[in-house]
Amino acid sequence: MAELLTDDPLVTEGPAPLFEVDRVRVEYPTPAGPVPALEEVTVTVPADGLTVLAGPSGSGKSTLLRVLGLIDRPTAGRVRVSGRDVGGLGHRQRRLLRRDRIALVVQYPPENLIGHLTVGQNLRAAAESARVPADPDAVLGWLGIPDTADWRVEALSGGQQQRLAFGCALARRPAVVLADEPTSQLDAASAALVLDVVDRLVADGVPVVVASHDDEVIARAHRVVRLREGRIEEAA
Ligand SMILES: Nc1ncnc2c1ncn2[C@@H]1O[C@H](COP(=O)(O)OP(=O)(O)OP(=O)(O)O)[C@@H](O)[C@H]1O
């Protein structure tokens with residue numbers, strides 16, 4: 001691990017963007033042969049602010065998010081993180097970087113949490129998984145749901161669970177938070193509260209990248225990357 005800690009590609013130094021994606025192609029195998037989900041995708045993601053990957057269903061948002069999260073390896077092209085090419089990293093190095101530096105929030109609130117643990121235990125587990133000190137009460141205060149540490153996760157509403165998911169992300173002290181359609185399972189009021197938490201994460205200096213076609217999410221973005229049929233349509 002020592003070599004990773006001193007040679008961590010996710011430690012941002014200087015003005016390099018957090019992510020630089022250069023002519024990336026991702027193919028998925030299907031019975032009819034490989035199908036491209038991303039083609040010739042070239043885009044940068046800054047090391048601060050909220051970046052939204054937007055586009056219609058099937059346009060490649062989730063695939064690009066998985067490439068940024070070092071989950072999917074591109075079939076072709078290059079990905080740089082804080083100016084450094086991660087293409088040469090082995091499976092173990094990628095896994096350790098994900099664990100230590102990248103927090104991921106997925107669409108369905110319960111899938112972000114450990115159902116048989118309490119709220120406080122979830123926050124503690126998130127911090128321990130990234131090997132950083134845990135302070136559940138501080139995070140719950142930050143989330144605006146103090147005094148819930150002993151609650152079972154299932155006692156929280158879907159919106160509260162998703163806010164807790166971002167709290168768990170924060171508890172891991174990541175270099176970046178990636179979120180895949182984090183509001184799509186929520187009503188408008190709950191979604192707005194989740195997005196307020198995202199805004200506060202960003203204000204606290206944590207870059208957040210969200211894949212979403214939700215206009216409310218897009219409206220809060222500092223940068224919008226629009227995808228269509230696996231290609232970049234616009235990056236503004
Ligand atoms: N595991 C897979 N195997 C085969 N094809 C896949 C796989 N995952 C995604 N695809 C295909 O890749 C393309 C991009 O999918 P992706 O999920 O990245 O799009 P998306 O914009 O996130 O869509 P949605 O908003 O519906 O989640 C789609 O055509 C999809 O069918």
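Rule-based calculations on the coordinates, nothing more; no lab input. Predicted model only: the values in this text are computed from it and were never measured. Here the Cβ positions follow ideal geometry from the backbone for every residue, glycine too, while neighbour counts run over all protein chains shown.
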Restricting to the stretch 29-83, name every residue that is under 18 Å from P207 (Cα atoms), touching a Lys or Arg at 6+ places or on another chain (Cβ under 8 Å) and not hydrophobic (A, V, I, L, M, F, W, C).
P46, G49, T51, G69
Among the residues of the stretch 15-58, write down those that are crowded, with 16+ Cβ neighbours inside 10 Å, among the β-branched types (V, I, T) and under 13 Å from V225 (Cβ atoms).
V21, V24, V41, V43, T44, V45, T51, V52
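Give me a count of the residues in the stretch 168-177 that are farther than 17 Å from L96 by Cβ and among the aliphatic types (A, V, I, L, M).
Of the stretch 168-177, the ones farther than 17 Å from L96 by Cβ are 168-171, 177.
Still in the list and also among the aliphatic types (A, V, I, L, M): 169-171, 177.
Adding up the residues that qualify gives 4.
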Listed residues D150, D187, D199, D180; which is surrounded by fewer than 14 Cβ atoms within 10 Å (Cβ to Cβ) and either at positive phi or in contact (Cβ under 8 Å) with a residue 60 or more places away in the chain (or both)?
D199
Suppose we keep only residues that are not in a strand (DSSP E or B) and not small (G, A, S) within the stretch 37-53. Which one would you say is farthest from T63 (Cα to Cα)?
D48
